[in-house]
Structure formats: C-alpha cells, structure tokens
1. Which ones in segment 118-141 are touching a helix residue (DSSP H, G or I) at 6+ places or on another chain (Cβ under 6 Å) and of a type in the set (Asp, Glu)?
2. Filter segment 149-174 for residues that are at pLDDT 95 or above and not small (Gly, Ala, Ser); which is farthest from residue 46 (Cα to Cα)?
3. What are the residue pairs meeting all of these: first residue in segment 22-37, first residue at positive phi, second residue of a type in the set (Gly, Ala, Ser) and modelled with pLDDT of 90 or more, Cβ atoms under 9 Å, and 6 or more apart or on different chains?
4. Could you count how many residues in segment 124-153 are touching a strand residue (DSSP E or B) at 6+ places or on another chain (Cβ under 6 Å) and aromatic (Phe, Trp, Tyr)?
5. Residue 207 fails exactly one of the following numbered conditions: (1) assigned to a helix (DSSP H, G or I); (2) touching a helix residue (DSSP H, G or I) at 6+ places or on another chain (Cβ under 9 Å); (3) not hydrophobic (A, V, I, L, M, F, W, C). What is the number of that condition?
6. For segment 137-195, name all the residues that are surrounded by 13 or more Cβ atoms within 10 Å (Cβ to Cβ), of a type in the set (Asp, Glu) and in a loop (DSSP other than H, G, I, E, B).
7. Scan the strands (runs of 3 or more DSSP E) fully inside segment 21-122 and keep the ones with 3 or more residues being of a type outside the set (Lys, Arg), buried (at least 16 other Cβ atoms within 10 Å of the Cβ) and under 16 Å from the mean Cα position of the chain (by Cα).
8. Among the residues of segment 47-59, count how many are of a type outside the set (Asp, Glu), within 17 Å of residue 70 (Cα to Cα) and either in contact with a Ser or Thr (Cβ under 7 Å, 6 or more places away or on another chain) or modelled with pLDDT under 95 (or both).
Amino acid sequence: MAEAPDLVLNPNKTPIYRVAAALVGVLARVLFRPTIVGVENIPLTGPVLIAPSHRSNVDFAFTLFISPRKVFFMAKDGLYRSRLFAAILTRLGAFPVRRGVADRESLRLAEEVLRRGQALVLFPEGTRQSGPTIDTLLDGAMFVAARAGAMVVPVGIAGSEKAMPVGAKFPRFAKIYIVVGKAITPPTSEGRVSRSALAHKTLELQHALQEVYDESRGLER
C-alpha cells in the first residue's frame, strides 16, 4: 500500500475538490435522487462531527449534500494502494483508517480536523450494518468530539442499502432519503471526561441516530 500523504486541512473547496465533488454529485443525483430534510441543523461554523447511519459503501457520497461546508472523512486504508489516488483522496479531505483495529493515528487526525474548527464525517456504528435498528455505537465519535469540543449531528440515511448492498460491485438506481437531526453537545469535564459521561452521551447519540434513521425510513415508505 502506498504511504498516505499528510492530511491537508484546507477548509476551502479547491479546484480539485470542486471537480470531484461535482462529478460525485451529478452521479449521485442521477442514481439516487436524494431528498434531504433538516440541513439547517448543521452548524455553519465551528467544529462539528457529522454522524450518519451506515448501511452502504455509497453513504459517504451523501455528505456532499448534507452540508454546504467542506467535510473531512476517513477512508479505508485499502483505497490508498495507489500513490496518485492516495494524493487525490487526501486533497478531497480524506485520511486513512485501518479496519478491525484500534487505529490511534486516524483518531488523532480526526481530532485535529475538529480542533481546527472543521466539519468531520464519522460513522459511529463503525463498519456497515444491516436492518432497521441502530445497535450499540462505538464510543469513538463522542470521544473525539469531547476532546475537540465539537457538536455532534446525527444523520439518518434510508435507501442506501438498496442502492448498493453488501457484496454489490456497482450501485443501483434507488431513491435516497436523508434526515439531519438536532446537534448534540459533547460530554464535558474540567479534567478528563469520565467513562460514564462518555457512555451516557454515546447512548444519547444512539437514540438520536435511531430517531432520524426511523424518520428517513418513514419518508421511504
């Protein structure tokens, strides 16, 4: 695997970002015709962690629609095998994460994005899940948000599991519905945030994510 270049924390939408985002946007609109509710719930300034439900590999594409801000996100390390593609991903706001391990470097980069007042997309379920239930979340999202003082915005995405189910090599035509919920404050403390406070806020996020996911699935019916 090619070594991933350093994270480029440029909040501006550079020419390469605009071209790539436009191409992905056109393709997503043709294939998925997304309907979005609640985009005004995403703060336009300051650090914000966007926390979507995760049912498909195409979920990342919808982050281009749910915020007018440039967003940064994690990409699985297998996508960095090509040095050229690795450089392009980085300039699009991506940084690599190793799946199945506690990747401290990716968490450090995620925290750095937020500390610089940027918008970060992080799937709190971790890997893709299936079905209508948001099960127990990983505490990484709230942990990073707490350390950086970032608001956390739950986002429900319905229809993406049909658009590109597990095992599919190419996306299919499917209508996508996205519901953006109210921002959640991160756990705070004068010192280090306690495990109990982190667990409490993670549970709050789980309930909020279930609510917006149910709302998005309701629009799908």
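1. At the first step, the residues of segment 118-141 found to be touching a helix residue (DSSP H, G or I) at 6+ places or on another chain (Cβ under 6 Å) are 120-122, 124, 134, 137, 139.
Result: 139, single match.
2. Top of the filtered list is 157.
3. As it stands, the answer is 33/174, since those pairs meet every condition given.
4. Step one: list which residues in segment 124-153 are touching a strand residue (DSSP E or B) at 6+ places or on another chain (Cβ under 6 Å), which gives 124, 141, 145, 150-153.
Within this subset, residues satisfying the condition of being aromatic (Phe, Trp, Tyr) are none.
Residues in segment 124-153 being touching a strand residue (DSSP E or B) at 6+ places or on another chain (Cβ under 6 Å) and aromatic (Phe, Trp, Tyr): 0 in total.
5. Going through (1) assigned to a helix (DSSP H, G or I); (2) touching a helix residue (DSSP H, G or I) at 6+ places or on another chain (Cβ under 9 Å); (3) not hydrophobic (A, V, I, L, M, F, W, C) one by one, residue 207 breaks only (2).
6. If the condition is that a residue be surrounded by 13 or more Cβ atoms within 10 Å (Cβ to Cβ), of a type in the set (Asp, Glu) and in a loop (DSSP other than H, G, I, E, B), then 139 is the only one that fits.
7. 48-52, 71-76, 94-97, 119-121
8. Restricting attention to segment 47-59, the residues satisfying the condition of being of a type outside the set (Asp, Glu) are 47-58.
Those still in the list that are within 17 Å of residue 70 (Cα to Cα) too: 47-52.
Subset that is either in contact with a Ser or Thr (Cβ under 7 Å, 6 or more places away or on another chain) or modelled with pLDDT under 95 (or both): 50.
So the count comes out to 1.
The values are calculated or read from the model by the stated rules, or taken from the named source; none is laboratory data. If you're wondering where the values come from, they're calculated on a predicted model, not measured in any experiment. Counting neighbours? That spans all protein chains shown, and the Cβs are built from the backbone with ideal geometry, glycine included.
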